[in-house]
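What follows is a short report on a single structure.
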Amino acid sequence: MDIKIIVALIGLTGVGASTLIQYYLGRRNEKTKKAIDIRAQAYLDLVNTVSEIASSAKHDEKRNLEQLQQLTQAKTRVVLIGSDDVVNEIHQFFTNYGALNTEGSFNAFSNIVAAMRSDLSGNNNLSSRVLSEALFGK
């Protein structure tokens, strides 16, 4: 075989392999990014729904059926796609408190937010006290 053909085949093989590897890594990265986006949206929906219910309770408005349905849907999404730590913190909050009306409930909800931050960013350097003060002003 001629040396020029061998060199051409080696070059084409390298380009083909590079293309396949780049496609695989790009696709994997896109899936990871999409999964983080979906989890982040689920976490935001839960936090927003809990905040809305807490705000309506603070202003003596009754919880309506729509708010409770939104809460149930948000919790279900987080339980399905959230990290184990987030699901455990949600379990602790709803088992022990279920509402934002005591100092313990504020701390438990702050623990949920801390677990969400840790899941999405890989770390959480904020203390529960700082999170609680930022969320509830307490």
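Given the structure, is G104 open to solvent by less than 80 Å² (accessible area, probe 1.4 Å), part of a helix (DSSP H, G or I) and within 18 Å of I53 (Cβ to Cβ)?
On the way: open to solvent by less than 80 Å² (accessible area, probe 1.4 Å): yes; part of a helix (DSSP H, G or I): yes; within 18 Å of I53 (Cβ to Cβ): yes.
Judged against the criteria, G104 is a match.
For every residue, the table says whether it meets (1) of a type in the set (S, T, N, Q); (2) surrounded by 12 or more Cβ atoms within 10 Å (Cβ to Cβ); (3) modelled with pLDDT under 95.
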| position | (1), (2), (3) |
| --- | --- |
| L46 | no, yes, yes |
| S51 | yes, yes, yes |
| S56 | yes, yes, yes |
| D60 | no, no, yes |
| N64 | yes, no, yes |
| T72 | yes, no, yes |
| I81 | no, yes, yes |
| F93 | no, yes, yes |
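Looking only at segment 94-138, how many residues end up being closer than 30 Å to K33 by Cβ and acidic (D, E)?
Looking only at that region, the number is 1.
Going by what's in this entry, would A8 be described as open to solvent by 40 Å² or more (accessible area, probe 1.4 Å) and of a type in the set (G, A, S)?
Numbers: open to solvent by 40 Å² or more (accessible area, probe 1.4 Å): yes; of a type in the set (G, A, S): yes.
Taking the combined requirement at face value, the residue satisfies it.
Could you check segment 1-100 for helices (runs of 4 or more DSSP H) lying wholly inside it with 3 or more residues that are farther than 18 Å from M116 by Cβ and aliphatic (A, V, I, L, M)? Let's see the steps before the verdict.
Details: elements: 3-58, 65-81, 84-96.
Those helices (runs of 4 or more DSSP H) span 3-58.
Before we move on, is N124 surrounded by 15 or more Cβ atoms within 10 Å (Cβ to Cβ), in contact with a helix residue (DSSP H, G or I) (Cβ under 9 Å, 6 or more places away or on another chain) and modelled with pLDDT under 85? Outline the logic, then answer.
Working: surrounded by 15 or more Cβ atoms within 10 Å (Cβ to Cβ): yes; in contact with a helix residue (DSSP H, G or I) (Cβ under 9 Å, 6 or more places away or on another chain): yes; modelled with pLDDT under 85: yes.
When the stated conditions are applied, N124 passes them.
Counting only residues that are touching a residue at least 24 places away in the same chain (Cβ under 8 Å) and surrounded by fewer than 20 Cβ atoms within 10 Å (Cβ to Cβ), how many does segment 107-120 have?
The number of residues fulfilling the criteria is 4.
The values are calculated or read from the model by the stated rules, or taken from the named source; none is laboratory data. Quantities reported herein were computed from a predicted structural model and do not represent experimental measurements. Neighbour counts are summed over all protein chains in view; Cβ atoms, including those assigned to glycine, are modelled from backbone coordinates with ideal geometry. Surface areas here come from the heavy atoms of the whole protein model, side chains and all, with no ligands, DNA or RNA. Shrake-Rupley method; radii C 1.70, N 1.55, O 1.52, S 1.80 Å.
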